[in-house]
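Peer 1: There's a structure below that I have some questions on.
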Amino acid sequence: MEVEVKLRIPDPETHQALLSLLAPFHVTTHRQHNAFFDGAAGELSSRAAVLRLRFYDGDSKCVASLKAKSTLVNGISRVEEDEEEIDPQAGRACVFDPNELRAVDLRVVKRAREEFQVGERGFVGLGGFDNVRGVYEWEGLNLEVDETIYDFGTCYEVECESIEPEKAKDTIQQLLRENGICFSDSVASKFAIFRSGKMPYYVRDSNAEIGIRENMMHGGFGYIMTSGSLLILIWQWLLVLTTFPSLVLVHSTQLVSGWPCVASGYKAWPSRLIITAMLTGSYLSEHHSFITQAGAAAHFVILTKGAFMAIVNTG
């Protein structure tokens, strides 16, 4: 069982700030390419499993992995994983023609065939993505800072494998908060993001950041949950209700403190207006949740209509 802390970094600027912070602890940087495979009849995906070939720094190394029963809760990932090195040239041949996996003498491939009953049609390639991974040794932890490059955008993440993930997570979060590095719990694995074909809630693409910001309007996008005067709050909601006329407000009076930084350049937010809302329209929406510093669950909905985006806290 592989157990990792996974924290999402919202944007290139924050990613660069983190790299600068960790520079004294840098060990190495790997340029990885990840290629994924399923059974031709979906034998692996139907049971929440996937076969991956990971190439390091061109063809200097290749590792085959069989992953199954993955969970990601509160920024801690648990997945059953079996790994085995494969000759990089043989791995490239499998990427070019997945039928070559039938001839590969690997334990993990044999397990994929036998345990998941991959049929005579064999394997099919699912495609893949690149990842730049910086490795750092800090406070007894092995930190991996990833820049994952998809066809549809780029994601940034901090990972740390640990037998005490909750303790490791607390230590990493303290480092990030003390240095003004914005983060949140990762909500999906890299493979899940790849298969979804869209960015997680921070970013739609490399040119349009979607996050919770201190400024309401920025480059044509609307951001809700910003602090400011009563007039600004009223203006924000008039703008939201004009754009999303079927958004029904239930109440909007509760103030809380101790919110963690989610996607801004600040360590923490002293207070925020809580808005409980119900979406009744057919707009594109996504529901997300995270844990406040006080330990309470918080939920929010992202609404999208054209170039306008709103983040509504749903309590």
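All of the numbers you see were taken from the coordinates with simple rules; none came from a lab. Since we're looking at a predicted model, the values are computed, not measured. When we count neighbours, we look across all protein chains shown, and the Cβ atoms used for this are built from the backbone with ideal geometry, even at glycine.
Peer 1: Tally Lys/Arg at +1 and Asp/Glu at -1 over every other residue whose Cβ is under 15 Å from the Cβ of Arg121; what's the total?
Peer 2: Once all neighbours under 15 Å are counted, the net charge is -3.
Peer 1: So if we plug the beta-carbon distance of Ala23 and Glu81 into 1/(1 + (r/R0)^6) with R0 = 45 Å, what FRET efficiency do we get, rounded to 0.05?
Peer 2: 0.90
Peer 1: Net charge around Ser77, counting only other residues with Cβ within less than 15 Å of its Cβ (Lys, Arg = +1; Asp, Glu = -1)?
Peer 2: Charge balance in the 15 Å sphere: -4.
Peer 1: How would Ser45, Ser20 line up from fewest to most surrounding beta-carbon atoms within 10 angstrom?
Peer 2: Lowest to highest Cβ neighbour count: Ser20, Ser45.
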